[in-house]
1. Just the residues that are surrounded by fewer than 20 Cβ atoms within 10 Å (Cβ to Cβ) and touching a residue at least 24 places away in the same chain (Cβ under 8 Å), please, taken from the stretch 672-689.
2. Here is a check on your reading of the model: is Ala707 among the hydrophobic types (A, V, I, L, M, F, W, C) and exposed (fewer than 15 other Cβ atoms within 10 Å of the Cβ)?
3. Go through the residues of the stretch 503-520 one by one and say whether even a single one is touching a residue at least 24 places away in the same chain (Cβ under 8 Å), open to solvent by 50 Å² or more (accessible area, probe 1.4 Å) and not in a loop (DSSP other than H, G, I, E, B).
4. So which residues in the stretch 296-318 are open to solvent by 70 Å² or more (accessible area, probe 1.4 Å), modelled with pLDDT under 90 and assigned to a strand (DSSP E or B), if there are any at all?
5. Which one is modelled with the lowest pLDDT, of the residues in the stretch 247-294 that are hydroxyl-bearing (Ser, Thr, Tyr) and within 30 Å of Gly346 (Cβ to Cβ)?
6. Output the residues belonging to the stretch 521-554 that are surrounded by 17 or more Cβ atoms within 10 Å (Cβ to Cβ), over 17 Å from Trp508 (Cα atoms) and under 26 Å from the mean Cα position of the chain (by Cα).
7. With the condition kept exactly as written, say whether any residue in the stretch 183-191 is in contact (Cβ under 8 Å) with a residue 12 or more places away in the chain, in a loop (DSSP other than H, G, I, E, B) and at negative phi.
8. Any idea how many residues of the stretch 461-484 are farther than 20 Å from Ala768 by Cβ and surrounded by fewer than 16 Cβ atoms within 10 Å (Cβ to Cβ)?
Amino acid sequence: MTPARIKSCTFQAFLASLVLIGPIILAQKVPNCASTLGCFSFPAITSCPSPDEFWSPTAVLGGCCPGCVRGLALGTPCSTSATTETTTDAAETPSTCAPGLVCGVGSVCRLNTGDCLSTHHVPDSIQWVPQCDSRGRYAPKQCRGDQINGRCFCYSAEGKRIFGWSWRNRAQRMTCACSRRRADLEAEGRFDVTLHCTPDGNYEQLQCDQGVCWCADSETGTQTAGTRAVPEELWSLLPCYNETLHGVQYLRRCESVAFSQILQRKQFIIRGHRDVTFTDTLCEYDGSHGRYIIEGQEAACTWHDGTKLNPYKTSLRTLSAMNCNCARDEKLFMLAGREMALACEGNGNYVPLQSRNGELFCVDPDGYVVAENVPEQTSFGKKLPPESPPNTMGHCFTFPREPLILYCCCFIITATTAVDPPTCDSSYGCISSIRQEDCAKGEILISSGSLNGCCPGCRGGRTYLAVCNLNIPDRLCAPGLKCVGRKCIYDRSTCLHTMHLDKDLVGWIPKCNLDGTYAAKQCRGDRLSGRCFCYSEDGKRIFGWDWYRNTERMTCACSRRRDKLEKEGRFDVTLHCTQNGNYEELQCDSGLCWCADELTGSVQLGTTVVHESLWELLPCYNSTLHGESYLRQCESAAQAQKLILKKFYARGTVGVTFNEIPCDYDGAYGRYKVENGVVYCTWRDGKKIGSFQIRSSMLSSVNCYCARDTIIYREAGIPFTLACGGNGNYEYSQDQNGQLFCVDSDGFVVTTEVAPNESCDKFIYNSAFYDED
């Protein structure tokens, strides 16, 4: 960039050198940043004397050295097609946005919140902005509050809070050098970093990493003078080693667990198996336990020793929004004998909008006030009761692309309207408890309805059968509908189309996820005699069911996983699911075996992954339960059949066909079998059920749910009174003692108001009646 005007001692010295050296240097190119010429200095003060000039660390020498440049101010119209260079005529208006700004939406200069220089453009109404170093990066140590009660935190060069903090009156020698180094290495892809940092982000005296150990300077991490580095097996010979302090192993307990998981994951990847998930153990840079622990489908805030900080937890879907800063500070202040008067959210974060003595104020994720006297009104347009902090973001807003700079919505809207809509790469995630009931009439809650498509929100549009136009924003169809022939019709590729069905007509509507997929567990009937079934993301019933009263821990995670793998083309999946669609404890797949978490399938803590030939060595193996072969009888027959077909194909014989042997996800026989061109409904032992049968050309319409339910209800001691079709499916139209009613494919009543000879299709959400394509 060639700025219009540059004020820099570096540049002036460089001009002087040009005069002395003469035309030889003039003929050379501007030196690159690796040049031995370098910059003469990086000034400690980054302000500029003129109001239309802005400091930049890359103003001089082809972007290598700092100085002051001219640029367009915040909110000024700009052009995205403008070049990165400005005119050399000082009198002309600059054409590019000032450092820290970017030409964004609406063709105006907006805050580039990933750049620390954006803090130079923040209005005075914002009470705190982070400090930048002389090179324009975020300073590693950021301090808040007064000298007595204030605190200092460590931050990465990109502005994210990382491990390390200290009370402000004890932070004189705090450099955060160790935390910065670990964060940089991990950002480069190093997953095996073992540097140990002190609580304030400095280096511990004894360090080991990549097989080498040394005595380190606490502020820089460099080798202490007069000592030498040794191989890790000789670490106890170092003068800084203390047997009482360091023990017999360099890695701490949390790190040992985390590293064993990493090694297990590597073994899976080496063997080409990328489908097994692990519950990651999170450790701090000092080797203690991290901010949270994952158990099943929830994450709970934890203290340094790994104990839970009740009642703070969240679901895995909202884990990215969890930082547990408030939960940890609550215990920290209690141990320090200090009072903490701020409220925490259910996930352990600070409530952004706080209330004290009837006054509302905003705090950032570190719990420090960023705006006071906030109007008594949330961004959702609802009144906030005095003295009661809300459970949503309210008026306080964390700028998503930059976790360090925090603003309140009310100030951003009025004072800094030139802030781009947020992007979705926030480390804080979405903080919202909005429900479908909070949406206006005609609006649907979806996963991408707010914050530029990043967070859940309500979105409306043209209703069913309304005129639509894909090129006119206010004539787009609502979520769940699609525009075909200038008319909004049901989009049956998404579960959201069920939100537009006539609820007075359709007997049952499935639950949907916010992203438009079907919920994994769909429940029918009452809590006593009702049942819950597993469904795929695209709304098809898959293996797994249980009585409604027993489904508190039913996730269908195993059934969902198997269904997805098979749709991707895996014909040899051997994951075993329980009757309710959860994971069995012992799992084998792709040549590896492990003890699995029932709800997630991840490797149980404290256990290892072994080759399938060693599966009997696993602690979850039971000889009585599992026997000598992992595969069950149906699976063995099906696998043998597939291997025979593969051999035929390998030898060029492609005309041979077999009747497929379908197995359930628990290894039992599937719902039907084909013999001599006839499809028979079968029970789990492979035996035929009654006389239910149909010709094989009609196989795609067979589910045998009714045939199997006759046995399920009989074994449960419940009378079964519904009629099955000859193919083993439920008859939609039912008649009991002259009373006509309709049931769906699961056998649950959808209406009792049906006329003789009237079709039941319109009462069933997924029937052909609603297929408009």
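1. Val674, Trp683, Gly686
2. Here the answer is no, as Ala707 does not meet what is asked.
3. So far as the stretch 503-520 goes, no, none of its residues is touching a residue at least 24 places away in the same chain (Cβ under 8 Å), open to solvent by 50 Å² or more (accessible area, probe 1.4 Å) and not in a loop (DSSP other than H, G, I, E, B).
4. Of everything in the stretch 296-318, just one residue is open to solvent by 70 Å² or more (accessible area, probe 1.4 Å), modelled with pLDDT under 90 and assigned to a strand (DSSP E or B), namely Glu298.
5. This residue is Thr277.
6. Ser536, Glu537, Ile542, Thr551, Met554
7. Among the residues of the stretch 183-191, at least one is in contact (Cβ under 8 Å) with a residue 12 or more places away in the chain, in a loop (DSSP other than H, G, I, E, B) and at negative phi, which makes the answer yes.
8. 9
The values are calculated or read from the model by the stated rules, or taken from the named source; none is laboratory data. Note that the coordinates shown come from a computational prediction; the quantities given were computed from them, not determined experimentally. Cβ: placed from backbone, ideal geometry, glycine included. Neighbour counts: every protein chain shown. Accessible surface areas use protein heavy atoms only, side chains included; no ligands, DNA or RNA. Shrake-Rupley method; radii C 1.70, N 1.55, O 1.52, S 1.80 Å.
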